[in-house]
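Peer 1: Here it is: the structure, laid out below.
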Amino acid sequence: MNRVAGVAAYALLSLSVGLGAVLKSRFVPQWLVRPLQYGWHGLLSGFALGLTAVHVAFVTVDTQKPQTLAAVLVPGRATYAPLALAFGTLALYAALAVYVSFAYKTRLPRRLWTGLHLLAYPAFLLATVHGWMAGSDHLTLLYAAGTGLAAAGVALRLLEGRGHRSASHA
C-alpha cells in the first residue's frame, strides 16, 4: 500500500503541475479557466498531498524498511535511502507551501505568492527524483509520462510567453 499511495500521489501531482502550467495560457478557453483553476487544479493538488500523507504513514509501518516519523520528516535522518527520502521530504514541504499559500493569495504580496506558487516545479522535480531513487519497482513509464506531461505544460506556457514578447517588440 505504501508504494501505491506514493505512485498515486505522484500521478496526481503530475496532472496538477501540467494543468497549472497552462491555466493562464491562450490554450485554455477563458470560460474554463476559473473552474479548472479553483476546481480541478486545487482538487488534484489536495488529493496528491493527502495521498502523500498516507504514503508517509505507511513508510512508518513498512514491514521491510520501516522508518520513524522523525526519519521521514527530517531530511537525511532515514536509515533506508536517506538521500532519496530527503528528496521526498523536501518535495512534500515545497508542495505543502504551494498549497497553503493559495489560501493566503489575496493577503500576500503578489510577487511573494507567485514565488511560493512556483515552488511547485522544484517540488515536482524532487518528487520525481525521490520516486526514481527510492522506488522498489520499475515505474519508468510513469515517471516519463508524468515528467512529459508537466514539461509539455511548461513548454506551452513558455512558448506562449515568447510569442507575446515577440509580438510586442515587433
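Peer 1: Could you run through the stretch 66-92 and say how many residues are hydrophobic (A, V, I, L, M, F, W, C) and out of contact with any helix residue (DSSP H, G or I) (no Cβ under 8 Å at 6 or more places or on another chain)?
Peer 2: Total satisfying the criteria: 2.
Residue-by-condition table, conditions (1) under 18 Å from A21 (Cα atoms); (2) modelled with pLDDT of 95 or more:
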| site | (1), (2) |
| --- | --- |
| R34 | yes, no |
| H41 | yes, no |
| T52 | no, yes |
| H55 | no, yes |
| L85 | no, yes |
| A97 | yes, yes |
| P109 | no, yes |
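Peer 1: Can I ask one more? May I ask you to verify whether A123 is out of contact with any Ser or Thr (no Cβ under 8 Å at 6 or more places or on another chain) and either in a helix (DSSP H, G or I) or under 15 Å from R3 (Cα atoms) (or both)?
Peer 2: yes
Peer 1: I've got another one for you. Considering only helices (runs of 4 or more DSSP H) fully contained in the stretch 1-120, which possess at least 1 residues that are touching a His at 6+ places or on another chain (Cβ under 7 Å) and within 30 Å of A155 (Cα to Cα)?
Peer 2: 2-22, 82-103
Peer 1: Does A21 satisfy being at pLDDT 90 or above and either over 18 Å from L126 (Cα atoms) or crowded, with 17+ Cβ neighbours inside 10 Å (or both)?
Peer 2: So A21 does not fit the description; no.
Peer 1: From the list A48, A53, A5, A71, which residue is buried (at least 16 other Cβ atoms within 10 Å of the Cβ), under 21 Å from P122 (Cβ atoms) and of a type outside the set (K, R)?
Peer 2: After applying the criteria, what remains is A48.
Peer 1: Select from the stretch 97-125 the residues that are of a type in the set (G, A, S), farther than 16 Å from L43 by Cα and surrounded by 16 or more Cβ atoms within 10 Å (Cβ to Cβ) and list them in ascending order.
Peer 2: The answer is A123, and nothing else.
Peer 1: Test R157 against the stated conditions and say whether it is closer than 17 Å to L19 by Cβ, of a type in the set (K, R) and either exposed (fewer than 14 other Cβ atoms within 10 Å of the Cβ) or in contact (Cβ under 8 Å) with a residue 60 or more places away in the chain (or both).
Peer 2: So R157 fits the description; yes.
The values are calculated or read from the model by the stated rules, or taken from the named source; none is laboratory data. These figures come from a predicted structure and were not determined experimentally. Ideal geometry is used to build each Cβ from the backbone, glycine not excepted, and the neighbour counts take in all protein chains shown.
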